[in-house]
Amino acid sequence: MKPMSPTYIIAVLCTLLFGGTYARSHTCTEDQMKVVVKIKTDDYPDDVSWTLTNDCEGSKVYNPNVYVSEDAEYSHTYCLPSRSAITFTIEDSYGDGLCCSEGDGGYEILVDGAVVISGGEFEDEETAKYGSCDALSVDAGADVNTDADADDSDDDGPPFTFLGNIGEEFFDDDDGLEASGVDIAPDRSHLVIVTDEGEMIFLNLLDYESGHCIFDLSDELDETDLEGVAFDPTIWEPNDMHVYVVHEGADDDEPLLYKIKYEYDPYEGECSASLVDTTSLHGAIPCLETSNGIESIALKSASTDAEPAVFLVGIQDTGKIYEVTSEGRSNGPYCYDSGMGEDDVSATTYNSERGHMWSYIESEDTIAVVDASKDCPVATYEMPSSTHETDEEGLVIDFENGLMYLVVDGQGDGSIVSVYEFTYPENLDECLDLGVSPGSCSDFEVCTDDRRKSLR
């Protein structure tokens with residue numbers, strides 16, 4: 001295990017979620033204002049969460065449940081554009097605020113050293129505002145669009161905008177760290193990346209000062225070509241955290257689903273990961289003896305007391321996606337084309353509220369959206385031109401917070417995570433005519449000891 005510096009993730013989250021930047025020296029530029037959020041906890045620090053929004057840009061910092069020490073002072077510093085209108089909302093899950101029934105806590109917002117917002121005695125929630133968007137400055141050399149139609153958006157454009165790359169310093173080609181899959185924890189506490197040499201990278205998004213760890217699990221795993229990671233929210237709790245990763249099972253190899261236990265001590269800043277269970281997917285999908293194997297995994301439905309979790313696994317060289325359970329069984333005759341009638345599906349993420357599968361089709365450099373209930377594509381979005389010769393190996397969309405993460409295997413140039421601002425498109429109701437018929441692959445056979453068994 002190697003502890004990881006959190007500097008890059010702070011910088012990215014502050015920039016992407018808020019429109020500001022993070023500086024270790026807390027020095028902002030001349031055209032920025034320094035905003036400091038100070039929190040003093042009461043006797044129940046984990047009750048508190050807050051959001052800070054720049055209303056001029058609609059960007060937001062979300063800081064949920066990061067506090068672990070009673071009667072302690074925390075400080076968070078951001079650099080924002082000098083003309084910003086901020087809204088600060090603080091919540092207490094128990095409903096007794098920060099003061100004064102269970103301690104003497106409170107909060108302050110400072111702008112360039114001056115206290116502009118303060119409080120602490122509230123019940124469930126309190127909101128305050130400061131600043132104005134008026135008279136925003138424009139760089140002298142910048143192009144300004146004065147057309148009457150300047151605000152009209154391109155309805156045919158992709159619903160994501162590239163924001164930046166992160167993670168270069170975390171991937172070392174000499175150590176075999178080639179990123180191959182990514183997912184975000186149900187509570188948004190961790191971004192987890194797997195590599196094709198048996199490593200896992202846990203980025204703790206809640207406690208920025210510790211808990212960023214990388215683990216080499218190659219000695220514990222039977223096979224180490226990891227191609228995807230997926231969370232089941234039922235088994236991800238603060239004191240009992242588990243995550244699933246999948247080994248591809250290419251050629252005549254056996255596809256495997258690993259259950260990994262992750263432990264993090266916020267008081268000591270220590271973390272560990274260990275193998276809990278190994279489940280074969282041999283009898284859940286078609287035989288892979290001439291295949292490149294499983295290339296992606298995504299949660300479709302969480303486990304319950306009566307039912308196992310259901311995952312969507314994508315087969316790279318067929319472009320087909322199958323439903324499997326966390327117990328290693330097929331979930332029935334459910335098979336979907338990944339959206340374009342093409343092979344080379346490299347990543348999939350699923351929106352359970354709308355029933356949409358979002359898959360990256362590497363051969364087309366396109367994200368395809370499939371309506372699972374209709375088994376048909378409803379949208380395709382061509383990716384912007386890349387600056388590297390790369391393989392896009394993992395995709396996860398934080399639908400709640402409007403961020404898309406695309407893991408890129410640099411193929412010798414170092415792996416990265418590309419981050420995009422994401423807005424869920426409307427009117428994804430009509431099936432597209434891409435030559436893919438609904439039910440085109442539902443009549444399939446799974447692999448067994450005698451190699452095949454029909455599901456019908």
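The values are calculated or read from the model by the stated rules, or taken from the named source; none is laboratory data. Computed from a prediction, not measured in an experiment: that's the story for all the values here. Because the Cβ atoms are built from the backbone with ideal geometry, glycine has one as well, and the counts that use them run over all protein chains shown. The accessibility values were calculated without ligands, DNA or RNA, using every heavy atom of the protein model including side chains. Shrake-Rupley method; radii C 1.70, N 1.55, O 1.52, S 1.80 Å.
Things worth noting here:
- In the complete set of protein chains, residue-level accessible area for Tyr130 is approximately 90 Å², probe 1.4 angstrom.
- Per-residue surface analysis assigns Phe202 an accessible area of about 0 Å², computed on protein heavy atoms at 1.4 Å probe radius.
- Accessible-area ranking of Leu312, Leu275, largest first, probe 1.4 Å: Leu275, Leu312
- Rounded to the nearest 20 debye, the dipole magnitude of region 339-408 is 380 debye, with +1 charges on Lys and Arg beta carbons, -1 on Asp and Glu beta carbons, and the Cα centre as origin.
- Once the C-beta distance of Thr29 and Val276 is scaled by a Förster radius of 41 Å, the resulting FRET efficiency is 0.30 to the nearest 0.05.
- Charging the Cβ of each Asp and Glu at -1 and of each Lys and Arg at +1, and nothing else, the dipole of region 234-330 about its Cα centre rounds to 340 debye.
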